[in-house]
Amino acid sequence: MMVAPPANPLITSNLLSTQSSLVQTLCSFLTVSIHHLLYLRSIYPRVSFLSTRAYNFPARQNRHPAVCGWINCAVDAVRDQFEKNTVEKVAVCIFDVERNVVLEKWIFDLGTFPVIEKVDRDTPFEKPVGENGGLQVSLRSRINIADLEAQFRAVLSRIASASARLHPLPKNAECSFTVSIEIRDDADRPVGRLEKEERKWIAAEPEPWNPSENQHAESQEDSEAESRLQSGLGALAERGKTVPIRRLEAGELRMEVWVEESKAKFARGSTTSTQS
């Protein structure tokens with residue numbers, strides 16, 4: 001007896017058709033991206049990373065159990081918020097440990113991520129209606145994993161090229177990272193008695209602009225203004241810089257990725273250059 005013929009690809013294709021599967025795939029991508037960024041920005045020694053492949057793309061993964069555990073815990077906490085439909089943006093923040101200021105913020109904007117009630121998380125986005133033509137229309141609205149992985153490869157590649165073009169992190173500064181989320185405007189704020197999942201996060205509001213602090217900073221920077229201009233960092237130290245990376249769009253998943261370099265990064269870099 002001959003083996004069974006290949007199954008109909010229109011029926012058995014590896015498709016993502018529910019929010020649960022979409023969230024799981026997205027969180028896996030965030031995990032890969034965080035390891036990728038830590039390697040590219042040299043947050044840990046490069047010898048501590050293993051060579052691997054993700055989505056058929058050459059990637060790096062930190063081998064230290066504590067680092068891997070922290071990243072997995074952070075992504076699990078992000079997943080909890082996705083399931084509550086609260087996530088607007090996810091950011092990987094690289095900061096100066098000594099000064100406690102953010103130098104770079106790698107942002108994954110998911111403001112258009114589908115909002116679906118808990119009871120419908122495993123319900124297909126669109127059920128087949130009718131035969132042949134109806135099935136074809138339904139499958140177009142779902143996400144083929146092969147197509148999505150191609151998009152992920154493109155994002156990882158653009159992250160690598162963007163990292164190579166960024167101003168380097170301060171050489172003499174100890175840098176670390178964290179993961180933050182920005183919640184939707186219509187989401188409940190984490191106040192009062194928090195659930196166990198909520199206690200994984202530190203709630204914070206955007207810091208207000210303080211004129212007195214700004215004036216104090218300006219007085220300290222006046223003596224360095226000339227050297228900043230000569231090094232090409234003067235304007236950037238006043239306003240920072242935003243570098244677009246890529247827009248991803250596949251079925252129900254739409255995401256924009258960019259990186260923000262803060263004023264503090266360029267101020268620190270210019271100070272280091274004048275002292276060297």
- What is the order of LYS265, LYS84, fewest Cβ neighbours within 10 Å to most? LYS84, LYS265
- Considering only Cα-Cα distances, which of the following residue pairs are longer than 22 Å: LYS89/LYS171; LYS84/LYS241; LYS105/LYS265; LYS171/LYS241? LYS89/LYS171; LYS84/LYS241
- Item | Sequence-distant residues sharing a close amide H with LEU248 (under 5 Å, placed H) | MET255, GLU256, VAL257
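We did not get these values from a lab; they are worked out from the coordinates using the rules stated. Just so we're clear, the structure is a prediction, and the values are computed from it rather than from any experiment. For neighbour counting, all protein chains shown are included, and Cβ atoms are generated from backbone atoms with ideal geometry for every residue, glycine included.
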